[in-house]
Amino acid sequence: MNFPYKLKELRKQKNLTQEELAKEIFVSRTLISKYENGAAYPTRETIEKLALFFGVKISDLVDEDDTATLALRQLDTIHKLNLVLQIVIILITLSAAILSFLPIVQGSYYDYANYQYAPGTSPDRVPFTISPLAITLIRNGNPIVLIGMISCFANSALAGFSLRFRDNVWLRFISYALFVVNIFLIFFSIVFCAGYASMYMGDM
């Protein structure tokens, strides 16, 4: 017996409609219908929910040579890959967002305020450190770092939701697309901060 037939039989044994079963395992009735028609195959998480609900083993639902088992293996690989990618996205974007608050940009300026003119001398050059966000908000007015920080925090949140709702394809797609945008924002933020540090000559 294959998975669609087994699922249908187990549901009928409990005198449940597709709608009732769907509510029990928190999926849509349409998805249950697709499972029973062989039009779709569940994730391992859904298989585990079904096995727990019906009080059977996973092996009682899917045979080793069942198409559903092969589909599950493919889905497991996809989910594992997505898990790794989303964790990488969270680590990179969250780190970039946090770094925007830290005083990591170094430079120096001429201290004219304490300079007493004397022939052949020049003001002392004083080193400084400043956060990328402070450059954006206070010094330069270029919003690139601010935009990047907000976008990175949003990307981290989306990646987190993608890990929570693993079957939501749109969340994954938006998370990946936003990450590509953030790579460019991070790059241009670095270029902006480096340019500021090397060219800044005014008073702090």
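The values are calculated or read from the model by the stated rules, or taken from the named source; none is laboratory data. These numbers come from a predicted model, not from an experiment. Cβ sites come from the backbone with ideal geometry, for glycine too, and all protein chains shown count toward neighbours. For accessibility, only protein heavy atoms count, side chains too; no ligands or nucleic acids. Shrake-Rupley method; radii C 1.70, N 1.55, O 1.52, S 1.80 Å.
Legend: helices of the chain (whole DSSP H runs) are marked when their alpha-carbon atoms reach 20 angstrom or more along the helix axis and their mean Kyte-Doolittle hydropathy is at least 0.0; marked are 67-99, 144-164, 169-199. Using r as the Cβ-Cβ distance of N142 and N168, and R0 as 35 Å, what FRET efficiency do you calculate, to the nearest 0.05? Once rounded, the FRET efficiency stands at 0.50. Helical content alone sets the calculated 222 nm signal of the chain at -21000 deg cm²/dmol, taking -39,500 (n - 2.57) per DSSP H segment of four or more residues and averaging over every residue.
Available extension along the chain between M199 and S59 is 43.7 nm, counting 0.36 nm per residue and deducting the alpha carbon span.
Its residues counted as N, the chain yields a C-alpha radius of gyration over 2.2 N^0.38 Å of 1.71. 3J(HN,Hα) along the range 122-134: 9, x, 5, 9, 9, x, 8, 10, 8, 7, x, 5, 5 Hz, from the Karplus curve 6.51 cos²θ - 1.76 cosθ + 1.60 with θ = phi - 60°, whole Hz, x for Gly and Pro.
Using a probe of 1.4 Å, the accessible surface attributed to T121 totals some 70 Å² when neighbouring protein chains are kept in position.
Each other residue within a Cβ distance under 15 Å of G160 adds +1 if Lys or Arg and -1 if Asp or Glu, for a net charge of +3.
In this structure M199 has an accessible area near 150 Å², from a 1.4 Å probe over the protein heavy atoms. Between the alpha-carbon centers of the range 86-114 and the range 16-34, tell me the distance in whole angstrom. For the range 86-114 versus the range 16-34, the Cα centre distance is 50 Å.
For the range 1-66, the list of chymotrypsin sites (Phe, Trp or Tyr not before Pro) that fall in a loop by DSSP and count at most 12 other C-beta atoms within 10 angstrom reads F26. For the options Q116, Q18, Q106, a Gaussian network treatment of the chain with springs between C-alpha atoms closer than 10 Å singles out Q116 as fluctuating the most.
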